[in-house]
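The values are calculated or read from the model by the stated rules, or taken from the named source; none is laboratory data. None of the values given here were measured: they were computed from a predicted structure. For neighbour counting, all protein chains shown are included, and Cβ atoms are generated from backbone atoms with ideal geometry for every residue, glycine included. Ligands, DNA and RNA are excluded from the accessible area calculation, which covers all protein heavy atoms including side chains. Shrake-Rupley method; radii C 1.70, N 1.55, O 1.52, S 1.80 Å.
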Amino acid sequence: MTFTVGYAVHGSIAVLTLDHPPVNGLGHSLRVGIAAALDRALANPAIRALVLTGGERIFSAGADVREFGTANSSRDPILPSVIRAIEMSSKPVVAAIAGTCLGGGLELALGCHFRVAGSEATLGLPEVKLGLLPGAGGTQRLPRLVGLERALDMILSGAPQAARSFEGTPLIDALIDGELMPGALAFAEKVIAQAMPISRVRDRVVDAPAAEPFLQFARNTVRAASKNMPAPQKCVEALAASVGKPFDEALKLEREFFFQLMNTPESRGLRHAFAAERASTKVAGVPDGTAARPIRQVAVIGAGTMGTGIAITLANAGIAVSLLETGQEALQRGIDSIRRTYESALKKGRLTPDALEQRMNLIAPTLSYDALVDADLAIEAVSESLEVKRVVFEQLDRVLRPGAILASNTSALNLDTIASFTSRPQDVVGLHFFSPAHVMRLLEVVRGAATSAEVLATVMQLARRIGKVAVVAGVCDGFIGNRILARYVSAANDLLLQGASPQQVDRALEEFGLAMGPFRVGDLAGLDISWAVRKRRAAENPGVDFSIAADRLCEAGRFGQKNGAGWYRYEPGRRDPIADPAVDALLAEYRRDKGVTPRAVGKAEIVERCLFAMANEGARILDEGIAQRASDIDVVYLNGYGFPRHRGGPMHYAEEVGLSEVVRALRRIAAEPGADARAWTPAPLLDRLAAEGRGLKDHLEGARK
Ligand code: NAD
C-alpha cells in the first residue's frame, strides 16, 4: 500500500500533509512522499513558502513501528536525509503541529525553519524508552532551541511536554488557539510578506553556560540511576557533542550511537516489549470491527481484596459499579477499604476531594441481586471455591438481561465448568485481575470453549478503557501467568535442595532484573496459598509429585510476612527480610531426607535454571494454544510479575540466549540424578524449533497461516 503526502496550494504557499494513518508513522512510503512533495514545491516558482503538517489531529508519532526490523526501515531516503533536504530548502518551511509530535516526528519538525503548534499539541523524544536515542538529529537540534539542560531532561525522560510550555523559546514560533491550519497559513504569509530570513537550527549555538560541569554532573547521575542501561549514557554523550563538536561531526556521532544502541540486547528487549503489547490486543477469531457491546454499568460480586480493587479500577475510569456482598458487615468493610484507598491517594495529592466523592458515588453497595438488573457486565470475585461460584453464577444468570456478560476473576478454576452453571456459556469469560487490582496493569482474559467473539471484543475494549494491558489465555490450571510461575517457583525450590540459600537465589534473580526474587515474593503473597494449590493439584493428578522445599516451611507454620516468618524472618511491623538460621536448619534437614549432598550453586546457574524453566513451560503453553503467541507470554510477565522490561520477557530472553542452547541445558538438567524429568524435558515445540533453527515468532506465523 502506498501512503501519500497530500499536496495543496494556497496562493503562494504549498501545504504538504502527512497522510499515513493512524499516527503518521514515518515509514518509507511517507518519507518518499515528503521528499517528492518538497521537490515539487521547490520546482514551482510560484511557491514561496511551504507548510508541513499532519492535519488537525496529529503531526506524527515518529518511526513506523510496523517497519521495525524490515528492509524498509533503512531504505533510502532515510529520515535524516529527508530532514536535511527540508533544512537546506531555499524556500522557508513551516511545521504546523497538532496533537502528538514525537520522536522522528519532532525531529522532522526541528528540520523545518519555523514551527507553529496548536495549543493542545505535545512534543517529545521518547526513544530512550526503547533503549535508543533520537537518531535523526534530535540530540543536536533540540538543545539548540531549548538549551542543553531542558533538552537533556526531555531526552532522558522521554516524556512528552506541552507545546505551550515552550512559549518564549525558538522551538515554537507561534501557538495557535482554535483551528490550526488557518493560523499556520497566516504565519506562512507573514514569513513571505516580511521576507523573514530562513532560520536553520543547525546554524544556532547551544545555550549552555557552564556546560562542562553540568555534563559531568549528568554523567555521574545517569550512570548511577540507569545502572546497566546503555541508552541514557549515550544520550548524555550525544548532547555533550552538541556543545563540543561541529554540527555535522556531532550528527555523525549521534547516528553511530543510534546504531550501536539498536544492537544492544537492552534495546532489543524494550522494542520487543513495545511490539508485544501492541500485538496482544489482536485476538485470533475476533476480526477487527467485531461489534463490542456497550458497558455502562458493572456489577462486582464480592467486596474482598480483589472485588474492592476491581471496583476502584472501574470507578477510576468513570464506570458505575454495583458492589454486592452476602452480609452488611463484609459490604461495609469493602466500602471502608475503598474509601481508605482513595483517601491515601488524596493525601499523596493524586486525587482532589471532589474526585474522591465522585468516585465513591459511582460505587453503589448492595446485598440484593435484584439491584443488578441493569448491569452490562458482572465480575465475580468471591472466594475461590467452585461451589460458591456456582451459587453466584446461577443468581447472575437469573437476574442479568440477555446479552449481559458474566465474568469470573478466578485464578485457577476451570472457566468452562463455571460457564456450565449458566444458560449462556457464550457470554461467560474470565477476567483475571492481579493484586492489587487497581495498581497492577495486567489483565488475563480467559477465553472459554464457548466464549463469543463479541464478548472478547467487548472485554478487550473495556481493558483499554480501564488502563489495563490485556492478554487472552485459554483454559488451563493457572492460565498463562500462574502456570509458568508454579514451574519457576519449583525450579527455585530445586536450587535450595541442591545447596543454594533463599538469599542467594533472590539476589541472583534480582541482579538479573526481577523486581523481587521468588522467595521474597512467596513471603509477601503468603506461602500457605501456594501450598493449598499444590495440595489441590496433587489430589487432582495422582502419581505426580508436587512437593517442594516450601512445604517444609508451611509444615513448620512459616507462612511468610503475615506471621513474621517464611523464607526470611520479619520484625513486627516491618517488611525487610532478615536471613533466618532456622530456615537453613529446615533446608539442611530437607536435603538429608532427600539424600542430597549440598553443593555450591553459582549466580549464572540460578538464572539459567529459573529462566529456562519458565521458557519451557511457556513453550508448552504455546503449543497447547493456551497462549496465542510467544510475545503474549512476555506481556504477562512484564506487566504482572515484575519481569525487567529490558529483558523483553521470558520467551524473548530464551530467544536471546538461543533456543538450541536452552534445549541443550534443559536436556542436561533433565538427565541429572533426582531431577524431575517430566518438568525439565524440553517442550516438543522448543525441540522442534531449535532443530529447525527457527524462532518462537516463526511458530506464531506458522500457526496463523
Ligand atoms: P477475599 O477472601 O479477599 O474476598 C472474597 C469476598 O467474597 C469476601 O468478602 C466474601 O465475603 C465474599 N463472598 C463470598 N461468597 C460470596 C457470595 N456468595 N456472594 C457475594 N460475596 C461473597 O478473596 P480475594 O482474594 O478477593 O479473591 C477473590 C477471587 O479472586 C478468588 O477467586 C481468587 O482466586 C481470585 N484472585 C485473587 C487474587 C489475590 O491475589 N488475592 C488474585 C487474582 C485472583
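Overview of values
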read-out: Selection from segment 120-134 of residues that are more than 23 Å from the chain's Cα centre (by Cα) and open to solvent by less than 10 Å² (accessible area, probe 1.4 Å); value: ALA121
read-out: Leading residue by the ranking (surrounded by the most Cβ atoms within 10 Å (Cβ to Cβ)) among those in segment 434-448 that are part of a loop (DSSP other than H, G, I, E, B) and among the hydrophobic types (A, V, I, L, M, F, W, C); value: ALA437
read-out: Residue in segment 298-315 that is more than 16 Å from the ligand (Cβ to nearest atom) and open to solvent by 50 Å² or more (accessible area, probe 1.4 Å) present; value: no
read-out: Every pair of residues 6+ apart whose Cβ atoms lie under 8 Å, when the first sits in segment 408-423 and is closer than 19 Å to GLY302 by Cα and not assigned by TED's automatic domain parsing to the domain that holds ARG447 while the second is open to solvent by 30 Å² or more (accessible area, probe 1.4 Å) and at pLDDT 95 or above; value: none
read-out: Those residues of segment 378-408 which are open to solvent by less than 80 Å² (accessible area, probe 1.4 Å) and either among the basic types (Lys, Arg) or more than 16 Å from the ligand (Cβ to nearest atom) (or both), in sequence order; value: LYS389, GLY403, ALA404, ILE405
read-out: Filtered residue count, segment 46-55, keeping only those that are open to solvent by 10 Å² or more (accessible area, probe 1.4 Å) and within 40 Å of the chain's Cα centre (by Cα); value: 2
read-out: Cβ pairs under 7 Å, 6+ apart, first in segment 669-698 and within 23 Å of ASP494 (Cβ to Cβ), second surrounded by fewer than 18 Cβ atoms within 10 Å (Cβ to Cβ) and among the acidic types (Asp, Glu); value: ALA683/ASP623; PRO684/ASP623; LEU685/ASP623
read-out: Residues satisfying the stated conditions in segment 1-45, i.e. assigned to a loop (DSSP other than H, G, I, E, B), open to solvent by 10 Å² or more (accessible area, probe 1.4 Å) and farther than 16 Å from ARG57 by Cβ; value: MET1, THR2, GLY11, SER12, ASN44, PRO45
read-out: Candidate set from segment 316-331 (those that are within 8 Å of the ligand (Cβ to nearest atom) and buried (at least 20 other Cβ atoms within 10 Å of the Cβ)); member that is farthest from ILE295 (Cα to Cα); value: GLU325
read-out: Qualifying positions in segment 479-507 - part of a loop (DSSP other than H, G, I, E, B) and crowded, with 21+ Cβ neighbours inside 10 Å; value: PHE479, ILE480, ALA500
read-out: Selection from segment 550-576 of residues that are on the phi < 0 side of the Ramachandran plot, open to solvent by 50 Å² or more (accessible area, probe 1.4 Å) and in a loop (DSSP other than H, G, I, E, B); value: ALA556, PHE559, GLU571, PRO572, ARG574, ARG575, ASP576
read-out: Qualifying positions in segment 320-340 - of a type in the set (Gly, Ala, Ser) and out of contact with any strand residue (DSSP E or B) (no Cβ under 7 Å at 6 or more places or on another chain); value: GLY327, ALA330, SER337
read-out: Boolean, PHE612 is at pLDDT 95 or above, aromatic (Phe, Trp, Tyr) and outside any loop (DSSP other than H, G, I, E, B); value: yes
read-out: Selection from segment 170-196 of residues that are in a loop (DSSP other than H, G, I, E, B) and open to solvent by 30 Å² or more (accessible area, probe 1.4 Å); value: PRO170, ASP173, ASP177, GLY178, GLU179, GLN194, ALA195, MET196
read-out: Number of positions in segment 301-336 that are of a type in the set (Val, Ile, Thr) and either on the phi > 0 side of the Ramachandran plot or touching an Asp or Glu at 6+ places or on another chain (Cβ under 7 Å) (or both); value: 1
read-out: Candidates LEU79, LEU110 - the one that is under 14 Å from VAL201 (Cβ atoms) and touching a helix residue (DSSP H, G or I) at 6+ places or on another chain (Cβ under 6 Å); value: LEU110
read-out: Criterion (modelled with pLDDT of 95 or more, in the same structural domain as LEU611 (by TED's automatic domain parsing) and in contact with a strand residue (DSSP E or B) (Cβ under 6 Å, 6 or more places away or on another chain)) met by exactly one of ASP506, ASP523; value: ASP523
read-out: Close pairs from segment 385-400: first over 15 Å from ALA412 (Cβ atoms), partner open to solvent by 30 Å² or more (accessible area, probe 1.4 Å), Cβ under 7 Å, at least 6 apart; value: VAL392/VAL382; GLN395/TYR369; ASP397/SER423; VAL399/TYR369; VAL399/ASP370; VAL399/VAL373
read-out: Set ASN639, ASN616: member being buried (at least 24 other Cβ atoms within 10 Å of the Cβ), within 19 Å of the chain's Cα centre (by Cα) and among the polar types (S, T, N, Q); value: ASN639
read-out: Test: residue in segment 265-273 that is among the small types (Gly, Ala, Ser), closer than 20 Å to GLU149 by Cβ and buried (at least 17 other Cβ atoms within 10 Å of the Cβ); value: no
read-out: Verdict on ASP370 being closer than 26 Å to ALA619 by Cα, open to solvent by 20 Å² or more (accessible area, probe 1.4 Å) and in a helix (DSSP H, G or I); value: no
read-out: Condition check for ILE529: within 16 Å of the ligand (Cβ to nearest atom) and in the same structural domain as ALA604 (by TED's automatic domain parsing); value: yes
read-out: Test: ARG293 is charged (D, E, K, R) and surrounded by 17 or more Cβ atoms within 10 Å (Cβ to Cβ); value: yes
read-out: Sole residue being farther than 20 Å from PHE479 by Cα and either at pLDDT 95 or above or not hydrophobic (A, V, I, L, M, F, W, C) (or both), chosen from LEU396, LEU406; value: LEU396
read-out: Residues being more than 15 Å from the ligand (Cβ to nearest atom) and out of contact with any helix residue (DSSP H, G or I) (no Cβ under 8 Å at 6 or more places or on another chain) - total across segment 409-430; value: 1
read-out: Residues (open to solvent by less than 50 Å² (accessible area, probe 1.4 Å) and either within 24 Å of the chain's Cα centre (by Cα) or within 16 Å of PRO265 (Cβ to Cβ) (or both)) located in segment 212-241; value: VAL222, SER226, MET229, PRO230, ALA231, PRO232, CYS235
read-out: Residues of segment 508-529 that turn out to be small (Gly, Ala, Ser), open to solvent by less than 40 Å² (accessible area, probe 1.4 Å) and in contact (Cβ under 8 Å) with a residue 40 or more places away in the chain, as a count; value: 3
